[in-house]
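Inspection log for the structure reproduced underneath, given as structure tokens.
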Protein chains: 2
Amino acid sequence: MQDAANRPYHHGDLRRAVIETALDMLREEKGWQFTLREVARRAGVSHAAPYKHFPDKAGLLAEIAMIGFDRLRESLSAAKSEAPETLRDEITTLARAYVAFGTDNPALYRLMFSAEEGKAVGMHLNERALAVFDVLLEILRRGQAAGSVRRRPIEGQAAAGWGLVHGMTMLAIDGLLVPEKVGSAPLDAALSTLVEGLGNPAT
Amino acid sequence: MQDAANRPYHHGDLRRAVIETALDMLREEKGWQFTLREVARRAGVSHAAPYKHFPDKAGLLAEIAMIGFDRLRESLSAAKSEAPETLRDEITTLARAYVAFGTDNPALYRLMFSAEEGKAVGMHLNERALAVFDVLLEILRRGQAAGSVRRRPIEGQAAAGWGLVHGMTMLAIDGLLVPEKVGSAPLDAALSTLVEGLGNPAT
DNA sequence: GATACATTGTTGACAGTGGCTACTTAAGCG
DNA sequence: CGCTTAAGTAGCCACTGTCAACAATGTATC
């Protein structure tokens, strides 16, 4: 990335540079097909250099996927901190943040949920994914304690929430939420239905 | 696939054979990476032969994805025909059939929703995908007419349904619906929540 | 029937890929 | 200065998708 001339022999922080470059590549939403050699090329380094820092291609991708989950979690935390008071609004705000993360980083989001096909680093990845799930669990638990959420096994309700936002995110990324079929604000509409289903009718 | 000796020079129906072979390969749930040459190999034909029937790899995949959507639609129709009478049960039955199709054909289902990244055959593919959506629309419309579904823009409610089943299917395929986190029957639980949200509280 | 054409498969080549190993260079340290 | 060793390089391998040239087969026309 810098002039080949004044670049020191030892990159110094190639590991971080490789990850950064890869994330950049994921961002440019071309029908991009990720190639390790291209990453090295852009980082201004030889095609085998990344192997000094990552076991193989899948290893790099797994690491990036984990970073993705971390960032998603951060996005959700940020959204939660500035969420309105009512539970319904809090859920809506969070769901919007979730889907926005996916549509803003489509390639990354896709990677996050397909990287463990290789199953190498599976466990660590799943842990991070499920950490996101915990955010949802916590909210519902609070809602249930306050009586505004139906008294049902909370995991099932959280599963409904996660499944819905994950599905909507994927459909949006795939361009399947075309307005003429699905209305102008499909996410908000779907969220209304969900919140209705979560809500305690007794209140 | 037959003896190389008595195999005639012209295959006769290579197009169908290639598709069939590819579907078989998708079925074997190895961390399989789909390669055109392997398809040709299994079909007992030279590595370039498929190019006489498909423009390129993406073309073949797109065709297979379309077949996938057709089959999904058939599965749903079959499930609908033998569905119980109440609307709630009908929706549940259909949703179960949908998710089952995905978990039974994970590689195919994944392909169906990532094939159009190449965007070549995008429109035809989207048409078939949205045809699946129509099944859902029809049910809800009927339910609304009968008064058992909330009076809301129907597209939004259908979007909620599609998003939920699609999301649950993907999570299940990715092995993210681990019981200790998400309960023993996450799909049924999620469906309860959804149906609750769809249902008309006045009835 | 024989001949010209079109279709379908085959072969061989090309560039590009992931993965690997042997080599070279730079940097630190006595 | 000479040594070790981490960082980066060059080059090999097997493989892929794709294309162009060629061969075998079917079909239509005279």
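Just to be sure before I move on: is B:Val45 within 16 Å of DNA strand C (Cβ to nearest atom), at negative phi and open to solvent by less than 50 Å² (accessible area, probe 1.4 Å) in the structure I sent?
Judged against the criteria, B:Val45 is a match.
How many of the residues making up the range B:61-78 are within 16 Å of DNA strand D (Cβ to nearest atom) and either at positive phi or not small (Gly, Ala, Ser) (or both)? Steps first, answer last, please.
Looking only at the range B:61-78, we keep the residues that are within 16 Å of DNA strand D (Cβ to nearest atom), and these are B:61-65.
Cutting the leftovers down to either at positive phi or not small (Gly, Ala, Ser) (or both) gives us B:61, B:63-64.
Total satisfying the criteria: 3.
Looking only at the range A:70-96, count how many residues are in contact (Cβ under 8 Å) with a residue 40 or more places away in the chain and surrounded by 15 or more Cβ atoms within 10 Å (Cβ to Cβ).
Counting residues in the range A:70-96 that are in contact (Cβ under 8 Å) with a residue 40 or more places away in the chain and surrounded by 15 or more Cβ atoms within 10 Å (Cβ to Cβ) gives 12.
Consider the range B:170-188. How many of its residues are in contact with a Pro (Cβ under 7 Å, 6 or more places away or on another chain), more than 21 Å from A:Met168 (Cα to Cα) and either open to solvent by 40 Å² or more (accessible area, probe 1.4 Å) or assigned to a helix (DSSP H, G or I) (or both)?
Looking only at that region, the number is 0.
Of these, B:Ala48, B:Ala58, which one is within 11 Å of DNA strand D (Cβ to nearest atom), in contact with a helix residue (DSSP H, G or I) (Cβ under 8 Å, 6 or more places away or on another chain) and more than 14 Å from chain A (Cβ to nearest Cβ)?
B:Ala48
Identify the residue in the range A:140-169 that is in a helix (DSSP H, G or I) and more than 9 Å from chain B (Cβ to nearest Cβ) and, among all such residues, is nearest to the chain's Cα centre (by Cα).
Taking the range A:140-169 as the starting set, the residues that turn out to be in a helix (DSSP H, G or I) are A:140-146, A:154-169.
Adding the requirement that they be more than 9 Å from chain B (Cβ to nearest Cβ) leaves A:140-146.
Values: A:Leu140: 20, A:Arg141: 23, A:Arg142: 24, A:Gly143: 24, A:Gln144: 26, A:Ala145: 28, A:Ala146: 29 Å.
Only one residue fits best here, namely A:Leu140.
Only one of (1) modelled with pLDDT of 95 or more; (2) surrounded by fewer than 24 Cβ atoms within 10 Å (Cβ to Cβ); (3) more than 7 Å from chain B (Cβ to nearest Cβ) is not met by A:Leu191, so which one is it?
(2)
The values are calculated or read from the model by the stated rules, or taken from the named source; none is laboratory data. Worth saying up front: this structure is predicted, and the values here are computed from it rather than measured. Heads up, the Cβs are rebuilt from the backbone with ideal geometry, glycines too, and the neighbour counts pull from every protein chain shown. The accessibility values were calculated without ligands, DNA or RNA, using every heavy atom of the protein model including side chains. Shrake-Rupley method; radii C 1.70, N 1.55, O 1.52, S 1.80 Å.
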